Amino acid sequence: MKRKKIIAVLLAFCMVLSIAACNKSSKRSDDDDDDDETIEETEDDETSDTSETSESTEKTERTEKSEETTESTTAEPTATSAERAQFVGKVVDFDDMHFFVNGKKYTLGQVTLQEMIDDGVPFDESDLKYKDEMLKKNSQSFNGFGITLDKFWSAQVYVMNLSDSEKPMKDCTIYRIYLPSLDSGYQNGANLSFDFPLDITMAELEATAGKPDDGVQHYDGDNGYYTDTYTYKKKSEQYLGSKEFEFEFKKGVIYKIALDYIP
């Protein structure tokens, strides 16, 4: 009987140990579950931070792209004819009638044909063969000397002899320059220019020089063709004739420019 009691006590003690072991194992399992949740929360935080950073980056990129688009689509304002005219300068100046070739100034009534030849102005060789022909006193050349601008485009200069004896045309002074076909689309290879743009408009011309004393000469042709010619004149002091600036517009676009100088 006493032996049975001892066995019973031992069994009871074993059961207590077993229950304690189970509780300890259960607690470790619960602790392991807590660690997994913590890792998952950390991963969620990292994912959230990454997502927020990505959204912030995308937003910044969209903003920068929007600013670039705004900058690229914002063009510089185009000047109106009236605004451009104030930079043209004095178009009509009878006291200083000149033109430029490759940036060098040539004044009508002063520069000779030979001086321009010596400067390397690209004259048409077929015209230069007449440079040694004699020009009578107090006379003007009938034919011009072509300044080559493009393959099929040239400006013409004419000479005058105001001396009391004849002399070679190369030694005579330039009194006229004539530039036609400005609407041709050819290239200005000799860089012929004036104090005003070669594509000057009627509005710009009137803004700087006004209208001619004789008015604008308008001509209507067939099939909608028309021209407007502005001729500014000043009576010559020494000879019969006049100093002139002539601008011809064909259907509203500059077509011809001519300057004549008779002192």
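Could you grab me the full set of residues in the stretch 135-166 that are among the hydrophobic types (A, V, I, L, M, F, W, C), surrounded by 12 or more Cβ atoms within 10 Å (Cβ to Cβ) and more than 18 Å from Ala258 (Cβ to Cβ)?
Residues of the stretch 135-166 among the hydrophobic types (A, V, I, L, M, F, W, C): 135, 142, 145, 147, 149, 152-153, 155, 157, 159-160, 162.
Going one step further and asking which of them are surrounded by 12 or more Cβ atoms within 10 Å (Cβ to Cβ), we end up with 135, 145, 147, 149, 153, 155, 157, 159-160, 162.
Residues satisfying the conditions are Leu135, Leu162.
Looking only at the stretch 170-181, how many residues end up being open to solvent by less than 20 Å² (accessible area, probe 1.4 Å) and more than 37 Å from the chain's Cα centre (by Cα)? Summing the residues that are open to solvent by less than 20 Å² (accessible area, probe 1.4 Å) and more than 37 Å from the chain's Cα centre (by Cα) in the stretch 170-181 gives 1. The residues of the stretch 183-239 that are aliphatic (A, V, I, L, M) and assigned to a strand (DSSP E or B) amount to a single one, Leu192. List pairs: first in the stretch 164-181 and without any contact (Cβ under 8 Å) to a residue 40 or more places away in the chain, second open to solvent by 30 Å² or more (accessible area, probe 1.4 Å) and assigned to a loop (DSSP other than H, G, I, E, B), Cβ under 8 Å, 6+ apart or cross-chain? Partner pairs satisfying both residue conditions: Asp164/Lys137; Asp164/Asn138; Ser165/Lys137; Glu166/Lys136; Glu166/Lys137; Pro168/Lys131; Pro168/Asp132; Pro168/Glu133. Looking only at residues in the stretch 209-239 that are without any contact (Cβ under 8 Å) to a residue 12 or more places away in the chain and within 25 Å of Leu108 (Cα to Cα), the one that is surrounded by the most Cβ atoms within 10 Å (Cβ to Cβ) is Gly210. Is the stretch 195-205 home to any residue that is on the phi > 0 side of the Ramachandran plot and in contact (Cβ under 8 Å) with a residue 24 or more places away in the chain? No, because not a single residue in the stretch 195-205 is on the phi > 0 side of the Ramachandran plot and in contact (Cβ under 8 Å) with a residue 24 or more places away in the chain. Evaluate the following for Asn191: is it under 28 Å from the mean Cα position of the chain (by Cα) and either at pLDDT 95 or above or open to solvent by 60 Å² or more (accessible area, probe 1.4 Å) (or both)? Criteria met by Asn191.
Across the stretch 240-263, the qualifying residues are those that are in a loop (DSSP other than H, G, I, E, B) and either more than 35 Å from the chain's Cα centre (by Cα) or at pLDDT below 95 (or both), and the one among them that is surrounded by the most Cβ atoms within 10 Å (Cβ to Cβ) is Ile262.
The values are calculated or read from the model by the stated rules, or taken from the named source; none is laboratory data. Here the structure is a predicted model, which is why all the values come from computation and not from measurement. All Cβ positions, even for glycine, are placed from backbone atoms using ideal geometry, and neighbour counts span all protein chains on display. In case anyone asks, the SASA skips ligands and DNA or RNA and just uses the protein heavy atoms, side chains included. Shrake-Rupley method; radii C 1.70, N 1.55, O 1.52, S 1.80 Å.
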